[in-house]
Amino acid sequence: MLNLSKLTKILISFFLVVSISSCGSMMKDRDRWTDRGKIDTKLIIDYLLADMPLPPDSDILEEKTVIQGSGQGWSGKMTFISPLSPAETMIFFYENVAPAGWDLISSTISEQIILV
């Protein structure tokens, strides 16, 4: 028959093994959701910005791009790398946004260019 001390040690060992095992599976779940978030962000960017004109040789930085909304009410911040200067980039958008079906409501030039 097991004495109380031995039973306590067995129970503590069992709970430690279960706890440590669940920590490993939680990390795998976290990585899976992180990967899913990256995939979803790419899908949303591709869907919502497919017809947005971008300067030649520009790349969208997906990890710094944020899009929010639903239905017809979408807004966000698109971050991209462009070989053009800020002034050339602004001229590009002024000339290309409207013909692509987008409306440029306002703009600001500083270290960043903000288009609304």
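Summary of computed values
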read-out	value
Whichever residue in segment 33-84 is in a helix (DSSP H, G or I) and hydroxyl-bearing (S, T, Y) and, among such residues, is nearest to the chain's Cα centre (by Cα)	T41
Selection from segment 39-78 of residues that are of a type in the set (D, E, K, R), outside the structural domain of Y94 (by TED's automatic domain parsing) and surrounded by 13 or more Cβ atoms within 10 Å (Cβ to Cβ)	K42
Number of the exception - S107 against (1) at pLDDT below 75; (2) surrounded by 10 or more Cβ atoms within 10 Å (Cβ to Cβ)	(1)
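The values are calculated or read from the model by the stated rules, or taken from the named source; none is laboratory data. Keep in mind that what you see is a predicted model, and the values were worked out from it rather than measured. Backbone-built Cβ (ideal geometry, glycine too); neighbour counts: all protein chains shown.
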